[in-house]
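The next block holds one structure in the form of structure tokens; read it before the comments.
The values are calculated or read from the model by the stated rules, or taken from the named source; none is laboratory data. Since the model is a prediction, treat every value here as computed from it, not as a measurement. Counting neighbours? That spans all protein chains shown, and the Cβs are built from the backbone with ideal geometry, glycine included.
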Amino acid sequence: MADRLHAREVIALVADDASFVELPHPERDSAPDGPLGWRGYDGSRLRASERTGEEESVVCGTALVGGTRAVLIAFEFGFLGGSLGERTGDRLEAAYAHARAYRLPVVPLVATGGSRMQEGMLALTQLQRVARQSVLTREAGLAQIAVVRDPTTGGGWATLGAGADVVLALPGAQVGFAGSRVRPADADPAAYTAEAQVAAGAADALVPPEELRAALSRWLRLLTATSKAPAPVPAALGAAGLPATGWDAVRRARAAERPRAASYLDAYFTDRVAICGDRVGGTDPDGMLCGFGTHEGRTVAYAAQTGTATRPAGYRTAARLIRLADRLGIPVLTLVDTPGAANDAAAERQAAGGAIADLFTAVAAARTPVTTLVIGEGGSGGALALAAPGNTWAAPDSYFSVIAPELAAAILKRPAAEVEPTADQLRIRPQDLVELGVVRGIASA
């Protein structure tokens, strides 16, 4: 179990020194023992206040985090388990409204067991208020970065936590919709952890407490730096010169020594942070790298294929990245490098077609500029889904094809000896793609 930090302790952990300013608390008249007249509720609240020094389960205010001002929402688990009641909802609504009024990102520091039973359905409906405030803040183009602490369960996880744009988790924290007292007796406790949520793509990263301020500082800096200018085309890192034949282009793109996505990202960005997962239970860390980085002093989002067959979770993660960058006004760089979409039975069961369609839609709908460089293999629709219409470029050691030459020959019932001539017929070399108008140009070193 992770150490349980009090609300003001976690604020002190992430905020720059002496920068936290608490927001005014909305006033609400309360009937004796709350809206349900729950016997002993007033006494429970009084004892919780005496133990914690707080009047409610959340502390809301503004602070500098690594020099970037943000609205912080810190839960106090010691106050009735960090539960949400009507007065909690009032504070949360006011905090989000302040963020929109002053154009500030929101950082929920969550530790909650869920809705407050002593207020019944009135407590549960606070989740709808929170969801509405989150939507309004998202529509305003403001980032939401959640830190999930121990424990984060119930509606707090399902709204402030999992509903954020980026989710950071403290190692060892209990994180899941079902709290320890309501889940099945035979349930595997390891499934309800921060580590499990990262593995399932529901959270982006594990961050130890001592690294939390630095991590939040990087994320806030990157996600608040908007730009209308397209991402510059990366310099080509591989073999110079153009291939003589279509098969030469294929050989060069498939060469083991050719630079892959990680090399391009390292050369392009001075620093970068990654998002993880598609938020519906999947990750593709070996097939798609996504995140935000700094290039020549400004933020650029990236989605990069790694040279393997891309899995459905990879496409969904890339679509999530592009939609987030679009909302925040951040340009996007995509790197195409895949022999094609994964086509095994597992990929079909994971809705490969729908995942690819979702990425096509995200790219087509993006208002922020998208720049694409084909750095290796461009295999069919599984590669095209990541490519920017009208702003795609090719590295000299790449190719882009409607289908792999071997498969094209097989479909046309040609013998293996005809694979190389088929590659020429497909016109897949970088210079062919420029002539055809498929790509804008060839990247230089």
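Name the single residue, out of those in the range 337-360 being assigned to a loop (DSSP other than H, G, I, E, B) and in contact with a strand residue (DSSP E or B) (Cβ under 7 Å, 6 or more places away or on another chain), that is farthest from GLY238 (Cα to Cα). Among those residues, the one meeting the criterion is ALA342. Evaluated against (1) hydrophobic (A, V, I, L, M, F, W, C); (2) touching a residue at least 60 places away in the same chain (Cβ under 8 Å); (3) crowded, with 24+ Cβ neighbours inside 10 Å; (4) under 18 Å from ARG221 (Cβ atoms), ALA318 falls short on exactly one condition, (4).
I'd like to know if the range 294-309 contains one or more residues that are assigned to a helix (DSSP H, G or I) and not assigned by TED's automatic domain parsing to the domain that holds ARG218. No, every residue in the range 294-309 fails to be assigned to a helix (DSSP H, G or I) and not assigned by TED's automatic domain parsing to the domain that holds ARG218. Tally the residues that are touching a residue at least 60 places away in the same chain (Cβ under 8 Å), small (Gly, Ala, Ser) and more than 23 Å from ARG129 (Cα to Cα), restricting the search to the range 29-77. Residues that pass the stated criteria total 3. Summed over the range 111-135, the residues that are in a helix (DSSP H, G or I) and over 26 Å from the mean Cα position of the chain (by Cα) give a count of 8. Counting only helices (runs of 4 or more DSSP H) that fall entirely inside the range 7-110 and contain at least 1 residues that are β-branched (Val, Ile, Thr) and under 31 Å from the mean Cα position of the chain (by Cα), the qualifying elements are 7-14, 86-101. Filter the range 355-381 for residues that are farther than 19 Å from THR310 by Cα and touching a Phe, Trp or Tyr at 6+ places or on another chain (Cβ under 9 Å) and give the result. Correct list: THR371 only. Scanning the range 19-35 for residues that are within 18 Å of GLN118 (Cα to Cα) and surrounded by fewer than 16 Cβ atoms within 10 Å (Cβ to Cβ) returns ARG28, ASP29, SER30, ALA31, PRO32.
Cβ-Cβ under 6 Å, sequence separation 6+ or interchain: first residue in the range 162-184 and free of Cβ contacts under 8 Å to residues at least 24 places away in the same chain and under 18 Å from ASP278 (Cβ atoms), partner surrounded by fewer than 18 Cβ atoms within 10 Å (Cβ to Cβ) and among the hydrophobic types (A, V, I, L, M, F, W, C). Which pairs? Pairs that qualify, where the first residue is free of Cβ contacts under 8 Å to residues at least 24 places away in the same chain and under 18 Å from ASP278 (Cβ atoms) and the partner is surrounded by fewer than 18 Cβ atoms within 10 Å (Cβ to Cβ) and among the hydrophobic types (A, V, I, L, M, F, W, C): there are none. If you go through the range 260-278 and keep only what is surrounded by fewer than 19 Cβ atoms within 10 Å (Cβ to Cβ) and either in a loop (DSSP other than H, G, I, E, B) or free of Cβ contacts under 8 Å to residues at least 12 places away in the same chain (or both), you end up with ASP266, THR270. A count restricted to the range 380-431 and to residues that are part of a loop (DSSP other than H, G, I, E, B), more than 35 Å from the chain's Cα centre (by Cα) and touching a residue at least 40 places away in the same chain (Cβ under 8 Å) stands at 1. Criterion applied to VAL106, VAL135, VAL148 was being within 28 Å of VAL198 (Cα to Cα), surrounded by fewer than 18 Cβ atoms within 10 Å (Cβ to Cβ) and either free of Cβ contacts under 8 Å to residues at least 12 places away in the same chain or in contact with a helix residue (DSSP H, G or I) (Cβ under 6 Å, 6 or more places away or on another chain) (or both), and the one residue passing it is VAL135.
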